[in-house]
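Everything on this sheet refers to the single structure shown next.
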Amino acid sequence: MKFVRKIKEAAGFANKPVSADLYAAAGEERLSIPLIESLPDEELSRLNELLPWASFVLDSGGRMFGAPYSRSKRSSAQPMPDYRAGILDSEFGLKGRAVLEAGCFEGNHTVGLAQSGALVTAFDGRVENVVKTQVRCSFFAIKANIVYWNAETQKPGYIADRFDLLHHVGVLYHLSKPIAHLASLLPLIETGVLLDTHVADDMETQVDTFQGLEYRYANFREAGREPPFAGLTPSAQWIHSEDLLSTIRYFGFKNARIIEDRSEPNGKRVCIIASRN
Ligand SMILES: C[S@@+](CC[C@H](N)C(=O)[O-])C[C@H]1O[C@@H](n2cnc3c(N)ncnc32)[C@H](O)[C@@H]1O
């Protein structure tokens, strides 16, 4: 409880009355979550206090399941399913597909992918994020394989060697060796990839190499172990989008293209779809 309190204090949410903790502003998307709706307010409040939530969804009564991270970050209900699950579904079809989800955070993508019929294996390098994803999925009555893996290390044996699809959103730009990471992950994927990441296109770049492949990157300091979104190493590389595309093609995904290119407060971000054929 002390840890939860620390996070809440840092986010400015400590000592909020139960009603303000539970009920979000009107107008946000509400979801049918029968196992949450069966909980009285007091029990749902306890569930929300139990874990260091940093995002939330709303049940059909407008009550929060989870908690906002701060007044400005993840401060509104998470869309579920996220539109990128829809893109994966329309490109490749999700029903019955084995999907590997990188950096599952609190399971907001995991639920959406599984509700579309995907057989999801989700991993995260923060054990509390693994637990929050397990709890999120269980209250959505969703079955998924949710495991711990710090992707800066070798893949553990309990993660399979073959998947149909890769869902990789908001994680690559937190890694210290993103090209080495892709080199280890892409051979596991048989059909298609959705990769959404910040890129270094507008920045001053340096050059690194991986197995003889040169790539341009910008160096970023990471925020440490405590923030739930950050990387797990002191710094990360943001890759130039052209080099990212050529890396993905090099590892067998001949059709790799940017389908979305957006400017965010932290920098340029792209969404890439890639397929082997
Ligand atoms: C910015 S959040 C994105 C979360 C989610 N994919 C989304 O789009 O909302 C980054 C996530 O990746 C996880 N992560 C960061 N570095 C990681 C690593 N080396 N291995 C595994 N997960 C990592 C974090 O714990 C966090 O859950």
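The values are calculated or read from the model by the stated rules, or taken from the named source; none is laboratory data. Note that the structure is a prediction, hence the values are computed from the model and not measured. As a convention, Cβ positions derive from the backbone with ideal geometry for all residues, glycine included, and neighbour counts pool all protein chains shown.
Looking at the stretch 38-70, which of its residues are within 16 Å of the ligand (Cβ to nearest atom), surrounded by fewer than 22 Cβ atoms within 10 Å (Cβ to Cβ) and of a type in the set (A, V, I, L, M, F, W, C)?
Scanning the stretch 38-70 gives a single hit, Leu51.
Conditions: (1) more than 21 Å from Ala141 (Cα to Cα); (2) out of contact with any strand residue (DSSP E or B) (no Cβ under 9 Å at 6 or more places or on another chain). Arg46 meets all but one. Number of the miss?
So the condition that Arg46 fails would be (1).
Rundown of residues vs (1) out of contact with any Leu (no Cβ under 9 Å at 6 or more places or on another chain); (2) part of a loop (DSSP other than H, G, I, E, B); (3) over 22 Å from Asp196 (Cα atoms); (4) more than 10 Å from the ligand (Cβ to nearest atom), yes/no style:
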site: Val135; (1), (2), (3), (4): no, no, yes, yes
site: Ile146; (1), (2), (3), (4): yes, no, no, yes
site: Asn150; (1), (2), (3), (4): no, yes, no, no
site: Leu166; (1), (2), (3), (4): no, no, no, yes
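Take the residues of the stretch 97-116 that are over 11 Å from the mean Cα position of the chain (by Cα) and either hydrophobic (A, V, I, L, M, F, W, C) or near the ligand (Cβ under 10 Å from one of its atoms) (or both): which is nearest to Gly66 (Cα to Cα)?
Val111
Mind listing whichever residues of the stretch 172-181 are in a helix (DSSP H, G or I) and either touching a helix residue (DSSP H, G or I) at 6+ places or on another chain (Cβ under 6 Å) or outside the structural domain of Gln154 (by TED's automatic domain parsing) (or both)?
Within the stretch 172-181, Leu172, Pro178, Ile179 meet the criteria.
Select, from Glu42, Glu49, Glu128, Glu37, the only residue that is in contact (Cβ under 8 Å) with a residue 60 or more places away in the chain and either over 29 Å from Lys155 (Cβ atoms) or in the same structural domain as Leu182 (by TED's automatic domain parsing) (or both). Let's see the steps before the verdict.
Working: Glu42 fails: in contact (Cβ under 8 Å) with a residue 60 or more places away in the chain; Glu49 fails: in contact (Cβ under 8 Å) with a residue 60 or more places away in the chain; Glu37 fails: in contact (Cβ under 8 Å) with a residue 60 or more places away in the chain.
None of the others qualify; the one that does is Glu128.
Run Ala11 past the list (1) within 23 Å of Gln134 (Cβ to Cβ); (2) modelled with pLDDT of 95 or more; (3) of a type in the set (A, V, I, L, M) and report the number of the one that doesn't hold.
(2)
Run Val130 past the list (1) in a loop (DSSP other than H, G, I, E, B); (2) more than 22 Å from Gly192 (Cβ to Cβ) and report the number of the one that doesn't hold.
Just one mismatch for Val130, condition (1).
How about the stretch 191-277: which strands (runs of 3 or more DSSP E) wholly inside it have at least 3 residues that are not hydrophobic (A, V, I, L, M, F, W, C)?
Hits in the stretch 191-277: 206-210, 213-221, 255-264, 267-275.
Using beta carbons and a limit of 8 Å, which pairs, at least six apart or on different chains, have the first residue in the stretch 102-121 and free of Cβ contacts under 8 Å to residues at least 40 places away in the same chain and over 12 Å from Phe140 (Cβ atoms) and the second one of a type in the set (Asp, Glu) and part of a helix (DSSP H, G or I)?
Pairs found: Ser116/Asp89.
Looking at the stretch 117-127, which of the residues that are farther than 25 Å from Tyr69 by Cα and part of a loop (DSSP other than H, G, I, E, B) is nearest to the ligand (Cβ to nearest atom)?
Once the filter is applied, the top-ranked residue is Ala118.
Tell me whether the stretch 155-164 contains one or more residues that are at pLDDT 95 or above and either of a type in the set (S, T, N, Q) or under 18 Å from Pro81 (Cα atoms) (or both).
No.
Among the residues of the stretch 22-37, which ones are loosely packed, with under 15 Cβ neighbours inside 10 Å and closer than 8 Å to Leu58 by Cα?
Glu29
Mind listing whichever residues of the stretch 204-241 are over 23 Å from the mean Cα position of the chain (by Cα) and either modelled with pLDDT under 95 or within 30 Å of Ser90 (Cα to Cα) (or both)? Explain how you work it out, then say what you get.
Quick first cut of the stretch 204-241, residues over 23 Å from the mean Cα position of the chain (by Cα) only: 204-216.
Hits for the stretch 204-241 are Gln211, Gly212, Leu213.
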